[in-house]
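Notes to accompany the following structure.
The values are calculated or read from the model by the stated rules, or taken from the named source; none is laboratory data. The structure displayed is predicted, hence computed values, not measured ones. Reconstructed Cβ throughout: ideal geometry from the backbone, glycine too, with neighbour counts over all protein chains shown. Accessible surface is based on the protein model in full, side chains and every heavy atom, while ligands, DNA and RNA are left aside. Shrake-Rupley method; radii C 1.70, N 1.55, O 1.52, S 1.80 Å.
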Amino acid sequence: MPLSPRSPSTSPPKPPSRRERNKQEKLERIVAAATELFAERGVDEVTTQEIADKADIGAGTLFLYAKTKSELLLLVQNSTYADALVRGKQAAEEITDPLEAVMAIVCPVAECNRKHVDNGRTYLREIVFGDPTEPHHREALGLSLQTEEAIAAVLQRDGSTTAQDAAERARIVSAIVFLTMTTPFNVASPVDDVVQKIRDQVRVLLPD
């Protein structure tokens, strides 16, 4: 009788090496230090040396993880943006009205961006004008694209909107969000007012 072929072995994944664990630990300290200092004083008032000191690492080591202070801000904000996007997409799944579903995606993103207005505005400017070859900038661009894709998916639910039209409208929604949150006219506005301004513009954009 021929032998049955063996099932491919599924060996457990290797645990991270000491070097990888040390690298991850340093990254976590950097993120924690930058998050705290940026929240306390704003990105413009914090130096990279202060972040390195608080993370208990050398300035040279800090620049292995982020080459500039702007990249550090992107590193910090990307994490909160990603969490907000996950929450927004989950909330939108339960909503049938297109406008409300789009706003369910947008609201958590707007709220996390407005926790510190100056940091949030700087983050959005960095996404547009920063160096796309830097890894944290690429991640930020990827999150923006994921947001547009989530909005486009919502707009196609009724079957009457083509994929191309949905993508174009999602891109316009993204522009509305960006301009509303970065304009100097809204710097002092509470987040609820900013969200309402976004809603009013998106409502006009969507078909009846």
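For segment 176-184, check the following and say yes or no: at least one residue is open to solvent by 50 Å² or more (accessible area, probe 1.4 Å), within 22 Å of Val86 (Cα to Cα), part of a helix (DSSP H, G or I) and of a type in the set (Val, Ile, Thr). No: zero hits. What do you reckon, is Glu134 in contact with a helix residue (DSSP H, G or I) (Cβ under 8 Å, 6 or more places away or on another chain) and modelled with pLDDT under 95? For Glu134, the condition - in contact with a helix residue (DSSP H, G or I) (Cβ under 8 Å, 6 or more places away or on another chain) and modelled with pLDDT under 95 - is met.
The rows are residues; the columns are (1) open to solvent by 30 Å² or more (accessible area, probe 1.4 Å); (2) of a type outside the set (Gly, Ala, Ser); (3) modelled with pLDDT under 95; (4) over 29 Å from Gln156 (Cβ atoms).
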{"site": "Val43", "(1), (2), (3), (4)": "no, yes, yes, yes"}
{"site": "Leu75", "(1), (2), (3), (4)": "no, yes, yes, yes"}
{"site": "Thr80", "(1), (2), (3), (4)": "yes, yes, yes, no"}
{"site": "Val86", "(1), (2), (3), (4)": "yes, yes, no, no"}
{"site": "Lys89", "(1), (2), (3), (4)": "yes, yes, no, no"}
{"site": "Glu94", "(1), (2), (3), (4)": "yes, yes, yes, no"}
{"site": "Val102", "(1), (2), (3), (4)": "no, yes, no, no"}
{"site": "Arg121", "(1), (2), (3), (4)": "yes, yes, yes, yes"}
{"site": "Gly130", "(1), (2), (3), (4)": "no, no, yes, yes"}
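Residues of segment 185-198 being open to solvent by 50 Å² or more (accessible area, probe 1.4 Å) and touching a helix residue (DSSP H, G or I) at 6+ places or on another chain (Cβ under 7 Å), which ones? Val187, Lys197 - these are the residues of segment 185-198 that are open to solvent by 50 Å² or more (accessible area, probe 1.4 Å) and touching a helix residue (DSSP H, G or I) at 6+ places or on another chain (Cβ under 7 Å).
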